[in-house]
Amino acid sequence: MMNTEEGEEKALTIYFIPYLAPGHMIPLCDIATLFALRRQNVTIITTPSNAQILGKSIPLNQHLRIHTVPFPSQAVGLPDGVEPLFTTTDLDNLTKIYRAATLLRPTIQHFVEQHPPDCIVADFMYPWVHELANKLQIPRLAFNGFSLFAICAMESVKAHSLYESASFVIPHLPHSIAMNAAPPKQLSKLLEALLETVFKSNGILVNNFAELDGEEYIEHYEKTTCHKAWHLGPASLIRRTIQEKAERGEESVVSVHECLSWLNSKQDNSVVYICFGSQCHFSDKQLYEIACGIEASSHEFIWVVPEKKRTENDNEEEKEKWLPKGFEERIIGKKKAMIIKGWAPQVMILSHTAVGAFMTHCGWNSTVEAVSAGVPMITWPMHGEQFYNEKLITQVHGIGVEVGATEWSTTGIGEREKVVWRDNIEKVVKRLMDSGDEAEKIRQHAREFGEKAKHAIKEGGSSHSNLTAVVNYLKRLRDNKPLI
Ligand code: UDP
């Protein structure tokens, strides 16, 4: 038998357990595919509706299979099919999905115990996998979809109890990072507790490339947490063709053809792509301000607006009351913009040369997808660890500009108190999209990072070597060989 690139003969058997939210599931399944492409035997464990989405969206590979476990819809009172977190905009249903996810434990545990793998890679939202891996005496790798930079920032905020401080410099990081929003205590404590189990794992897999977090943050992480991190991304770059990019995640509500022909009719770097991830829902008032601000900037745009669940009694005007009067005729009718109501083929759009800026909520996947495409960002963080990601983009790497958001919510759902006004939106879009020295410098940095991202996953690149290293590490553990 021939030796594989990883230097050992027998392939590993690895189980991946992704969480049910698109922002967690999409990157972890892409990472699972990376292992399968190295001929390791990979099983993704998920629920039926998520398996259906994955079946259509992950590239076919003989080393990759999906194992489904039933979703406890009835136990939590959810209608059938409401499994991925993207399917709901309602806080009550969201809570039920979270509860259902915790009820998956016995079924997944039973399957894993019956057919033990060489390693489990699980999302940190399933902290119980720690006990399971210990019981089976197998290694566990953690995943949470964060950048290492964000984890370093969170650990520092925790060490200095900076919750609810509206304006502060994060202590003891390699750079002086100035924050302008207060980390909510309840959310921070929840994430910290989950991170505690991450630190007990054999290591964390990061959907990023070493150059974007930077050597200084990798060293800082390993020194302060005594924990190992492997940067394996950007995982979205495994999708090379337009079709593969378009099929990532949920089914798009717009056709590839329609989207591409609109983009093809535009000049390079002339379009602003606006999307706030899979879970952010704005008030009509905020949507109205975005519409006014972007129109006033005079730049063309694609705007993804998540479909709101309206009642049958809503009349047409109610449904679209966030659109300014005459907007349809002035903007959409004249093909100056596309509004996508529902899931958009984001990776495909970002990789088009017409896209010159990405207005983003700084979810880590969106961030790393923009970086991979060399697209500068207009940052508008809202919840989770997004405010830290913003600072990596703007203060550390200079590949984006801030819209000036300061309200750090506990979730992406629900009304926000502070509105970002049209003037701010207009100004920030012009700052990046009108030509000028500052904009050109930011665009140049973004382009350079795009090149670095593409290099990272190629043979000889940092993520490519890290994947070899982690596979070797797991094989040595399995074969009881000394770790190098
Ligand atoms: N996404 C997409 N189309 C959409 C909305 C989101 O393809 O209309 C994808 C996006 O490319 C990214 C993920 O969904 O991979 C969202 O993850 P992110 O971490 O950016 O934000 P979250 O949704 O977790 O807040």
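Each reported figure results from applying straightforward, stated rules to the coordinates on display, with no laboratory input. Keep in mind the model is a prediction, meaning the values are calculated, not measured. Don't worry about glycine lacking a Cβ; one is built from the backbone with ideal geometry, like all the others, and counts go over all protein chains shown.
A few comments on the model shown:
- Contact order normalised by residue count of the chain, Cα under 8 Å, 6+ apart, percent: 16
- For Ala178 and Glu244, the difference between the fully extended length at 0.36 nm per residue and the C-alpha to C-alpha distance is 19.9 nm.
- Three-way shape call for the stretch 390-431 based on the alpha-carbon gyration tensor, with the a/c threshold at 1.5: oblate
- Shape call, the stretch 353-484: gyration tensor on alpha carbons, a/c limit 1.5: oblate
- Least to most buried among Ser298, Ser49, Ser176 (fewest other Cβ within 10 Å first): Ser176, Ser298, Ser49
- When the inverse distances between all different Cα atoms of the chain are averaged and flipped, the Kirkwood radius reads 23.1 angstrom.
- Annotation: extensible slack from Asp434 through Glu216 equals 75.1 nm (criterion: 0.36 nm per residue apart, minus Cα-Cα distance).
- Put in order of Cβ neighbour count within 10 Å, fewest first, the listed residues Trp262, Trp364 become Trp262, Trp364.
- Spin-label proximity, Ala75 to the stretch 110-132 - amide N less than 12 Å from point 7 Å beyond Cα toward beta carbon: 110
- Angle of helix 148-159 to the longest C-alpha principal axis of the chain, folded into 0 to 90 degrees and rounded to 10: 90°.
- 0 to 90° range, to nearest 10: angle between helix 91-103 axis and the chain longest Cα axis: 10
- Gained length - Asn134 relative to Ala159, 0.36 nm times residue gap less alpha-carbon distance: 6.2 nm
- Annotation: amide H of Ile66 within the under-5 Å range of Ile44, sequence separation 5 or more or interchain, hydrogens built in the peptide plane.
- 3J(HN,Hα) from dihedral phi, the stretch 433-444, Karplus parametrisation 6.51/-1.76/1.60, rounded to Hz, x for glycine, proline: 8, 6, 6, x, 4, 4, 4, 5, 5, 5, 4, 5
- With neighbour counts taken as other beta-carbon atoms within 10 Å, the residues Asp434, Asp118 rank, fewest first, as Asp434, Asp118.
- Antiparallel DSSP beta bridges within the chain, as percent of all bridges there, nearest 5: 5
- Under 15 Å of direct C-alpha separation, and excluding same-chain neighbours fewer than eight residues apart, Lys56 reaches these aspartates and glutamates: Asp30, Glu244, Glu247, Glu250, Glu251.
- In percent, rounded to a whole number, the relative contact order of the stretch 100-236 is 24, using alpha-carbon pairs under 8 Å and six or more apart.
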